[in-house]
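Accompanying notes for the structure given below.
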Amino acid sequence: MRREELLRHVFDVERAIRWREDPEVLASTLERLFAGEGDFFSIKKKLVEKYGGDPRSLERDPPYPIASLQPGLRRITVIARVASLRRGPDDRYSYGVLEDPTGQVRFVAWGSWPSLRRGGIYRFSNVSVRSYRGAMEVVLGENSTVRPAPPWALGEEAPRPMRKMISSLKPGDVNVEVVGIVASARTRPAGEKIITEGVLADETGKVAFNAWDLELRKGMRVRVVGRVRKGPLLVFDSNGFVSRGTGEPPEIGIHELDGLIGAFVEVEGRVVRILERSGIAFRCPHCNRLLSSGVCPEHGRVEGRPVARLSAVLDDGRASILMVAEGKVVEEAMGLPLRELLEAHASGELHRLLYSRILGRRFGVSGVVRGGRAGPLIRVEGMSPSPVDPEKILRLLP
């Protein structure tokens, strides 16, 4: 194996074991292990486990250390610090020097990259390497991505995180530690990874969160270290997560949803109003957009695909919110399949059915909070009848 290729695997292991071993020692060990039979990734995984590291952070296609770069490489990943940075005229491009423990290299980033800061450590993905005026250069194009990387990715000691209560979190906070309980959560695939979206709560308040490469469940007590984006939205991954058992998750009141835009939530309330646009809607079979009088804004007049649709107001006794549900969610809440709902629509009986089966009843509703012109609304993903619990209702009242 070429020295340049070996370095990629050495630094992949170093990041997973938090740089507990000398790189030269690791290089000799990996070179010996790779000479035998077996999959490189499996060999690295066993070695990381031996050192007490986290094998989940290993990569099958690891980033390139700067010392292993060669002109002609394309669609690769580099983790490095921005040692120097300058902006071109009208912010059309940026250029400077990247560095990691193995060396330095020039770079140019075409287009506007406002997130780049001198001294910052980043993961540069889908970049290429070229020779320019006799020197090697890393090139970022329109398909490249840049994400912040932790200091330990380059073998540096990370600063101690700052402990904060949820009520004091502000967009722009980085390396903050929060201890709380998961009030709501749902996990979904995100490319080759998974992401859990939900709400984290402590005694001072609640905040929306995104957890990468983690499957969290409602009621988990956790300690997390992450950053806060606009929203506010707390973002963290498996490197900044510790589970601390389980507990009783707090209820989420509708009055709290203003501060949880983008979060997956679970709330309870009574349907106090059904809007006229409820019933049967038609979506474009090509792009899934809602049709207006049989016309798609992109594909023109098409034969629409019918879906059951419910627009209603949910009230928990303290506040109310608009909720929008479609498809199977509405069919299950109504207790009727789409075929029967279409028959009721054709006979003019559908709204009577909606009023008799939905209006005035209590439901547990789960979904994502979105911002709307008239305030937040819930895009419903789950909806089921909820038995009346007087104690729960009293807890939500002011």
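The values are calculated or read from the model by the stated rules, or taken from the named source; none is laboratory data. Just so it is clear, the structure is predicted and the values come from calculations on it, not from any experiment. So basically every Cβ, Gly included, is an ideal-geometry build from the backbone, and we count neighbours across all protein chains shown.
Points to keep in mind about this one:
- Some residue of the range 246-263 being touching a residue at least 60 places away in the same chain (Cβ under 8 Å) and on the phi > 0 side of the Ramachandran plot: yes
- The residues of the range 364-392 that are closer than 14 Å to Ile252 by Cβ and either at pLDDT below 90 or more than 25 Å from the chain's Cα centre (by Cα) (or both), listed by number, are Ser386, Lys392.
- Of all the criteria given as (1) part of a helix (DSSP H, G or I); (2) under 19 Å from Gly317 (Cα atoms); (3) of a type outside the set (D, E, K, R), the one not satisfied by Asn239 is (2).
- Filtered residue count, the range 263-288, keeping only those that are surrounded by fewer than 18 Cβ atoms within 10 Å (Cβ to Cβ) and in a loop (DSSP other than H, G, I, E, B): 7
- Top-ranked residue of the range 1-34 - restricted to ones that are among the acidic types (Asp, Glu) and not in a helix (DSSP H, G or I), ranked as surrounded by the most Cβ atoms within 10 Å (Cβ to Cβ): Glu21
Residue by residue, here is whether (1) without any contact (Cβ under 8 Å) to a residue 60 or more places away in the chain; (2) of a type in the set (Phe, Trp, Tyr); (3) over 24 Å from Asp54 (Cα atoms); (4) outside the structural domain of Arg75 (by TED's automatic domain parsing) holds:
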| site | (1), (2), (3), (4) |
| --- | --- |
| Ser112 | yes, no, yes, no |
| Leu140 | yes, no, yes, no |
| Ser167 | yes, no, yes, yes |
| Asp173 | yes, no, yes, yes |
| Val178 | yes, no, no, yes |
| Ala183 | no, no, yes, yes |
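- Looking across Val82, Val97, one residue alone is over 21 Å from Glu24 (Cβ atoms), at pLDDT 90 or above, out of contact with any Ser or Thr (no Cβ under 7 Å at 6 or more places or on another chain) and surrounded by 13 or more Cβ atoms within 10 Å (Cβ to Cβ). It is Val82.
- Checking the stated criteria, Lys50 turns out not to satisfy the condition of being in contact with a helix residue (DSSP H, G or I) (Cβ under 6 Å, 6 or more places away or on another chain), among the basic types (Lys, Arg) and farther than 24 Å from Val105 by Cα.
- Within the range 74-109, the set of residues being under 29 Å from the mean Cα position of the chain (by Cα) and touching a residue at least 40 places away in the same chain (Cβ under 8 Å) comprises Arg74, Arg75, Ile76, Thr77, Val78, Ile79, Ala80, Arg81, Val82, Leu98, Asp100.
- Filtered residues of the range 278-308 (kept if within 19 Å of Glu340 (Cα to Cα) and either among the charged types (D, E, K, R) or out of contact with any strand residue (DSSP E or B) (no Cβ under 7 Å at 6 or more places or on another chain) (or both)): Arg283, Arg305
- Pair list, Cβ < 7 Å and 6+ apart or interchain, from the range 215-229 residues that are under 17 Å from Glu177 (Cβ atoms) to residues that are surrounded by fewer than 19 Cβ atoms within 10 Å (Cβ to Cβ) and among the hydroxyl-bearing types (Ser, Thr, Tyr): Met220/Ser243; Met220/Thr246; Arg221/Thr246; Val222/Ser243
- Residues located in the range 289-316, provided they are in a loop (DSSP other than H, G, I, E, B), in contact (Cβ under 8 Å) with a residue 12 or more places away in the chain and surrounded by fewer than 16 Cβ atoms within 10 Å (Cβ to Cβ): Gly294, Glu298, His299, Glu303
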